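Report on the following structure.
The values are calculated or read from the model by the stated rules, or taken from the named source; none is laboratory data. Source: prediction; values computed, not measured. Note: ideal-geometry Cβ built from the backbone for every residue, glycine included; neighbour counts use all protein chains shown.
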Amino acid sequence: MLKLAALDAEDLGVISAHMQDAILRIGDIVYTPARRQFVLVANRYAWDDDKQRRRCRSGLHFDRVQQVQSRNIRMTDKDAVLSLLSIAYEEKEPPSGVVEFTFSGGGSLRLHVECIEAQLNDLGPAWSTARRPSHGDTEDPAP
């Protein structure tokens with residue numbers, strides 16, 4: 001089971017690689033301004049074990065979040081499904097900056113943070129999936 005922490009942009013890059021092609025519902029995204037926390041739960045593809053073609057339910061948690069903005073995402077459509085492409089960090093006034101989640105279809109979430117303070121944890125066992133995520137640039141050979 002995967003457990004990672006991120007305290008800088010390099011660490012966040014590792015989390016981004018593990019979360020690439022994660023699938024989540026908008027209803028599984030929660031921002032609590034009073035606690036300055038942002039949490040999402042997703043089914044991530046286990047790129048670290050690609051031959052097994054597995055997904056795992058994972059939680060991603062950010063502390064010290066000052067604001068969350070969405071673009072091209074209807075946050076009220078709680079059953080809508082998003083596919084995560086990447087997570088990137090843009091430093092503003094060190095150590096503050098913006099964490100940007102980019103989704104297929106052009107949607108994004110921007111977290112304005114005091115600093116990077118994130119945790120990624122698998123929440124249970126992985127399960128097999130029939131297909132490997134594809135971005136149209138490679139074939140998905142049969143298992």
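Summary of values
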quantity	calculated
Flag if residue 83 is surrounded by 15 or more Cβ atoms within 10 Å (Cβ to Cβ), touching a Pro at 6+ places or on another chain (Cβ under 9 Å), in a strand (DSSP E or B) and not aliphatic (A, V, I, L, M)	yes
Residue in region 132-141 that is assigned to a loop (DSSP other than H, G, I, E, B), modelled with pLDDT under 95 and on the phi > 0 side of the Ramachandran plot present	yes
Single match in 43, 72, 121 (criterion: of a type outside the set (Val, Ile, Thr), modelled with pLDDT of 95 or more and loosely packed, with under 11 Cβ neighbours inside 10 Å)	72
Qualifying position, being basic (Lys, Arg), over 22 Å from residue 3 (Cα atoms), modelled with pLDDT under 95 and exposed (fewer than 12 other Cβ atoms within 10 Å of the Cβ), among 78, 51, 92	92
Strands (runs of 3 or more DSSP E) contained in region 10-56 and holding at least 1 residues within 18 Å of residue 130 (Cα to Cα) and of a type in the set (Val, Ile, Thr)	23-25
Inter-residue pairs, beta-carbon under 6 Å, first surrounded by fewer than 13 Cβ atoms within 10 Å (Cβ to Cβ) and in region 1-30, second of a type in the set (Asp, Glu), 6+ apart	1/122
Long-range neighbours under 6 Å by Cβ, at least six apart or interchain, first residue within 23 Å of residue 113 (Cα to Cα) within region 76-88, second surrounded by fewer than 19 Cβ atoms within 10 Å (Cβ to Cβ) and at pLDDT 95 or above	83/23; 83/104; 85/102; 85/104; 86/102; 88/100
Members of region 32-51 that are in contact (Cβ under 8 Å) with a residue 40 or more places away in the chain and aliphatic (A, V, I, L, M)	41, 42, 46
